[in-house]
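**Student:** Have a look at this one before I ask anything.
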């Protein structure tokens, strides 16, 4: 069934159409949220939240408009993640100092510990960035996506993604206390 017709049925309250819509778009939304959150459980929770918002607001989607439904639903998922980050304000994947020191390798190098601590510091600083910059940086440097791929995921032009990454990296360097020392890419 074509997406437009499916959405029109959902707008008329057809429960089977909602089930089909959810099953069709669940993988897309879930995969997107896993990429930006790096956490399966958070992604699943936010996927459910996304579909609840879609169900509540399905009447607002204009089937004759220019926006694709996939863009619309990814936008809702992105906003759900941003809201989550605002609520949580914490890093999900910290490496604690004790974990860095409690390794089976007795000959652990000092620079390995320093690298881990510096990485932990950078990841903590990343959480202090605006959500738009944080997401773009995570997708670029933690997921290894290209500017074009990130643009497609976030429904942005690659130049906008590049700008967000650049501005975020400038702020991240300042937050990490490195200032102009690492200003070159």
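The values are calculated or read from the model by the stated rules, or taken from the named source; none is laboratory data. Since the model is a prediction, treat every value here as computed from it, not as a measurement. Because the Cβ atoms are built from the backbone with ideal geometry, glycine has one as well, and the counts that use them run over all protein chains shown.
**Student:** Any residue in region 75-85 that is at pLDDT below 85, loosely packed, with under 14 Cβ neighbours inside 10 Å and farther than 26 Å from residue 133 by Cβ?
**Tutor:** Kept after step one, since they are at pLDDT below 85, are these residues of region 75-85: 82-85.
Those still in the list that are loosely packed, with under 14 Cβ neighbours inside 10 Å too: 83.
Restricting the remaining residues to those that are farther than 26 Å from residue 133 by Cβ gives none.
Within region 75-85, not a single residue is at pLDDT below 85, loosely packed, with under 14 Cβ neighbours inside 10 Å and farther than 26 Å from residue 133 by Cβ.
**Student:** Here's another thing I want to ask about it. Give 3, 47 a once-over and let me know the one that is buried (at least 16 other Cβ atoms within 10 Å of the Cβ), out of contact with any strand residue (DSSP E or B) (no Cβ under 7 Å at 6 or more places or on another chain) and either modelled with pLDDT of 90 or more or farther than 26 Å from residue 141 by Cβ (or both).
**Tutor:** Going through 3, 47 in turn, just one is buried (at least 16 other Cβ atoms within 10 Å of the Cβ), out of contact with any strand residue (DSSP E or B) (no Cβ under 7 Å at 6 or more places or on another chain) and either modelled with pLDDT of 90 or more or farther than 26 Å from residue 141 by Cβ (or both): 47.
**Student:** For region 16-41, name all the residues that are surrounded by 12 or more Cβ atoms within 10 Å (Cβ to Cβ) and out of contact with any helix residue (DSSP H, G or I) (no Cβ under 7 Å at 6 or more places or on another chain).
**Tutor:** Residues satisfying the conditions are 24, 31, 39.
**Student:** Still on this structure, please answer the following. Which one of these is at pLDDT 85 or above, within 19 Å of residue 82 (Cα to Cα) and either in contact with a helix residue (DSSP H, G or I) (Cβ under 8 Å, 6 or more places away or on another chain) or surrounded by fewer than 16 Cβ atoms within 10 Å (Cβ to Cβ) (or both): 142, 154, 172, 147? Lay out the reasoning, then the answer.
**Tutor:** Values: 142 fails: at pLDDT 85 or above; 172 fails: at pLDDT 85 or above; 147 fails: within 19 Å of residue 82 (Cα to Cα).
Going through 142, 154, 172, 147 in turn, the sole match is 154.
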